Every structure is written in C-alpha cells, then in structure tokens.
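> One structure, as structure tokens, below. Some questions next.
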Amino acid sequence: MQKNRLFNLSRWRLASYYAGVMGLILGFCGLAVYEMTSQDHWRSLDQELTSLAGTLHDGLEPLLGQPGQLEPSVKQFLPNLCLGNQVCSPPLQQRHILNATQQPGYYVRFLDLNGQLLATAGENPPGLAFERETTRQYPLTDQRGDRYHQVSLQLKTVTGQPWGYLKVGRSLTEYDHHLDTIESFLVFGLPIVMIGVGLASWWLAGLAMEPVYRSYGQIQQFTADIAHELRTPITAIQATLETTLNTESSSEEVYNTIQILKRQNCRLTHLINDLLLLSRMDLKTVNQNQFTLCCLNDLVSDLTEEFSGLAIAAGVSLSAKLDSQEIIWVRGEEEQLYRLVGDLISNAIHYTPTGGRVQVILETDKQQAIIKVQDTGIGIAPPQQTRIFDRFYRVDTARSRQRGGAGLGLAIAQAIAVKHQGSLTVESELGRGSLFTIQLPLPFSSCF
C-alpha cells in the first residue's frame with residue numbers, strides 16, 4: 001500500500017482528518033478544563049473569604065460603640081491589628097479564629113464611612129485601592145502588580161448605626177501559579193499529545209485502508225483473471241474462424257468447426273453464468289422466503305447415482321454412507337445445494353487417481369446437518385488450502401485446463417454454503433487425499 005500513490009494520498013488525508021478532529025476535541029477539552037478549574041478555584045477563594053469576613057463581622061459588631069472609632073476590645077480580638085499605616089510586629093500568641101488572617105497573603109482592613117483607612121491586620125499591599133462596594137467579582141492589583149481578591153462588608157455599632165467597612169482579602173499568587181501550571185501544561189503538552197495523535201492517526205488510517213487496499217488488489221486480480229479466461233475461448237474461436245475462411249473446407253470440416261465453436265461458446269456461457277451467480281451472492285440479498293425444505297438423503301443418493309458413470313470412467317470407486325436412519329431436512333434452494341455437493345464430488349473424482357476411492361457421508365449432530373466428501377486423491381498442500389476458495393485459483397493448473405474449469409467451482413461452493421448460513425471447510429494432506437465438510441443448520445431440533 002505504501003507504493004500506491006492513490007492509497008498513500010488517501011491515507012494522508014484520513015490521518016489528517018483524524019488528527020484535526022482530535023486536535024479540536026483536545027483543544028476544546030483543554031480550554032474547558034482550564035476555565036472550569038479557574039472558576040472552581042475562584043469560587044473556593046470567594047467562599048473562604050466570605051466565611052472569614054462573616055466570622056469577623058459577627059465577632060466585631062458587638063464591640064463597636066462609636067462610628068469610625070476602634071475600641072480597645074477590638075485590639076484584643078485582633079492581636080495583630082495596626083492603627084492607620086503603622087508597621088506592627090507579629091503577636092506572640094495567636095487565636096484560632098484569626099489563624100487565616102495571620103497567614104502570608106491575607107489582610108484585614110477597617111475603613112470609616114468616608115473610606116479613610118483606620119487600621120490593618122496581616123499584609124499591607126502598597127497602593128491597593130479600597131472601594132466602598134460590598135461585592136467584587138474581579139481581582140485588585142497593587143503597585144507591584146500582585147493580584148488580590150477582596151470581600152467587603154459594612155459594619156454597624158451596637159445601636160445599629162453604620163460604623164464603617166470591613167475589607168478581607170487574600171493574595172492570588174498561589175491561584176495564579178496554579179493556573180499558570182495548567183496553562184503551561186496545555187501549551188507545551190498539547191503539541192506533544194498531538195504528535196502522538198498524529199502517529200496514532202497514521203497507524204489507524206493504515207488499518208482502515210488495509211481492507212480497501214486488499215479489495216482493490218482483489219478487483220485488479222479478478223479483472224486480470226477474467227480477461228485471461230475470456231481471452232482463451234475468444235482466441236480459439238477467432239483462430240478457428242480464420243482457418244475455416246482461409247481454406248476450402250468440406251462439409252465434414254465445416255461441421256467440426258461448428259462443433260468447436262459450440263464448445264467454446266458453452267465454455268463462455270458457463271463462465272459468464274458463474275460470474276453472475278457469484279455477483280448476486282456478493283450482494284447478500286438472501287430471501288429466506290424462497291427457501292424450501294430439502295431432503296439431503298435424496299440429494300446425496302441422486303448425486304452419487306449421477307456421478308457413478310464419471311467415477312467408473314475415471315476408475316474411481318464412488319459410494320455414499322448415510323449414518324443416520326432418519327430423514328435429514330434443511331431449508332434452502334435445492335438447485336444450489338445440488339450444485340454445492342455436486343461440485344465437490346466432481347472435483348474429488350477428477351483429482352483422485354485410478355483405483356482410488358471417493359465417499360460421500362451424510363450425518364447430523366441434532367443441531368446441524370453434515371455432508372462430507374472424502375477422497376484418496378492427490379491432496380492439497382497446506383499453503384494452498386487457504387487459497388483454494390479464491391476465485392480463479394487452481395491447485396493443478398494443467399489438469400484444470402484439461403477439464404475446462406475456470407477456478408470458480410470452490411468459490412461458488414463456499415458462497416452457496418455461506419448463503420445457507422453454513423460453512424465449507426477442508427482438511428487435506430499431500431498424497432493422502434482431502435476431506436471437504438459442509439455444515440448446514442437444521443430448521444428444527446428433531447428430524448422427520
């Protein structure tokens with residue numbers, strides 16, 4: 001297939017389509033994973049800050065007396081609180097409720113009603129804007145370019161008067177680093193994955209094209225074989241006609257010429273009919289309604305009697321062995337089953353030397369009918385046993401030519417067996433004969 005430009009180009013196209021579709025799927029999946037991870041992580045941060053701000057809000061409001069003024073008790077509640085922009089040292093003791101605010105990256109801000117900074121706890125990002133809104137869906141950026149997520153809540157005094165604003169925020173450095181890692185994986189990992197997808201696509205395209213290529217080769221071989229088979233009788237007819245026309249022939253010679261033309265015409269007709277039969281079977285349009293009950297006992301007996309004259313002329317002993325005392329029936333087309341078994345008997349006689357034996361055996365295993373055609377002929381070599389059912393294939397070419405065969409008999413026999421939901425197999429050994437076995441399903445479990 002690699003040497004065929006047409007199939008090679010088709011394989012490239014098929015592999016490109018595979019890789020392109022997989023690239024789009026992986027790209028969309030990567031973007032979806034990135035977006036879902038980003039949104040999920042952002043929601044987790046927002047919930048964490050909202051929970052922390054709510055805890056601080058509920059704990060601080062009972063301690064607030066005057067609007068915009070921090071009571072000493074707030075300092076006890078937040079030991080790391082620094083008034084204004086003072087820089088405070090970390091406290092020696094930490095309370096459990098404030099562990100989050102004392103971790104790196106967290107901060108707490110207190111603003112009065114005018115937005116003036118009153119106190120801070122935790123980090124002190126430089127140049128960070130402090131809006132009055134209570135909700136925020138996008139991050140803040142300080143003077144160093146670091147991003148922060150912030151949650152705002154309004155505080156009230158014990159008497160219910162507005163006191164100011166509580167701002168709780170967290171650095172997004174860890175969040176950005178996590179997204180950068182995913183982005184790097186997608187940017188650098190996706191091309192590597194696509195290389196693997198491309199190689200896999202090329203391999204899969206080869207597997208997909210292989211049956212097509214084999215069919216193409218079979219069509220080419222079939223065309224060459226049929227052309228060769230048709231050329232032989234046509235050449236013989238042409239030569240006979242030219243010889244007759246170029247010579248003065250007597251009535252006897254003219255008669256002999258017509259007989260030759262008749263034989264060649266019969267050969268052509270037989271070949272064309274066989275090809276049409278195979279073509280119809282290839283369509284697999286099996287109509288089970290056309291099948292009728294066929295008695296295999298009568299079929300085997302009739303064929304044995306019919307070919308007895310041919311066997312006697314060839315010096316071969318032909319016999320039938322019906323192991324079952326019951327009548328064996330199958331559903332099918334009797335004419336085709338007749339040809340199936342008849343072709344096997346005819347082949348066995350022609351390929352069995354004088355003094356040999358051919359036996360037809362009919363038996364059943366209660367699930368299927370079995371017809372065996374056994375001979376003591378020349379046998380078939382193991383490498384040829386896998387090809388004898390191919391069209392136009394002959395084991396013994398010279399002998400097949402003498403019989404006038406075209407190498408379609410076994411191909412038709414196998415096609416008939418498959419059409420009847422059965423099988424045709426062969427067991428053979430060179431110099432010791434062959435055994436062809438036909439297996440056909442029984443229409444019911446018990447025989448008549």
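Please treat every number below as a calculation from the coordinates, not as lab data. None of these values were measured; they are calculated from a predicted model. Ideal geometry is used to build each Cβ from the backbone, glycine not excepted, and the neighbour counts take in all protein chains shown.
> Among Lys366, Lys321, what is the fewest-to-most ranking by other Cβ atoms within 10 Å?
Lowest count first: Lys366, Lys321.
> Report the gain in length on full extension from Gln39 to Phe188: 0.36 nm times residue separation, minus Cα-Cα distance, nm rounded to one decimal.
Extending this stretch completely gives an extra 51.4 nm.
> With θ set to phi - 60°, apply the Karplus curve 6.51 cos²θ - 1.76 cosθ + 1.60 along segment 189-204 and write out the HN-Hα couplings as whole Hz, x wherever there is a Gly or Pro.
So the Karplus estimates, Gly and Pro as x, are x, 4, x, 5, 5, 5, 5, x, 5, x, 5, 5, 5, 4, 5, 5 Hz.
> Between Asp180 and Arg263, what is the label-point separation in nm under the 7 Å Cα-to-beta-carbon projection?
9.3 nm
> Which residues does a label at Gln76 reach in segment 46-70, if reach means a backbone N under 19 Å from a point 7 Å past the Cα toward the Cβ?
Counting backbone N atoms under 19 Å from the label point, the list is 56-66, 69-70.
> Which far-off residues, 5 or more places away or on another chain, put their amide H under 5 Å from the one on Cys82, with H placed in the peptide plane?
Thr120, Ala121
> Further question: Quick query: amide H of Lys321 versus all other amide H atoms, modeled in the peptide plane; which residues come in under 5 Å with a sequence gap of 5 or more or a different chain?
Here Val360, Ile361, Leu362 satisfy the definition.
> Please arrange Leu190, Leu199, Leu424, Leu340 by how many other C-beta atoms lie within 10 Å of their C-beta, fewest to most.
Ordered from fewest to most neighbouring Cβ atoms within 10 Å, Leu190, Leu199, Leu424, Leu340 come out as Leu199, Leu190, Leu424, Leu340.
> How would you rank Phe7, Phe307, Phe110, going from fewest to most other Cβ atoms within 10 Å of each one's own Cβ?
Phe7, Phe307, Phe110
> Rounded to whole Å and sorted largest first, what semi-axes of the equivalent ellipsoid does the C-alpha gyration tensor of segment 288-441 yield via the square root of 5 times each eigenvalue?
24, 18, 14
> Please list 3J(HN,Hα) in residue order for segment 111-126, calculated via the Karplus relation 6.51 cos²θ - 1.76 cosθ + 1.60 where θ = phi - 60°; whole Hz, with x for glycine and proline.
Result, rounded to whole Hz: 10, 7, 5, 8, x, 7, 6, 9, 7, 9, 9, x, 5, 10, x, x.
> Same structure again: Amide H to amide H under 5 Å from Leu155: which residues, 5+ apart in sequence or cross-chain, H placed 1.01 Å off N in plane?
The answer is Trp163, Gly164, Tyr165, Leu166.
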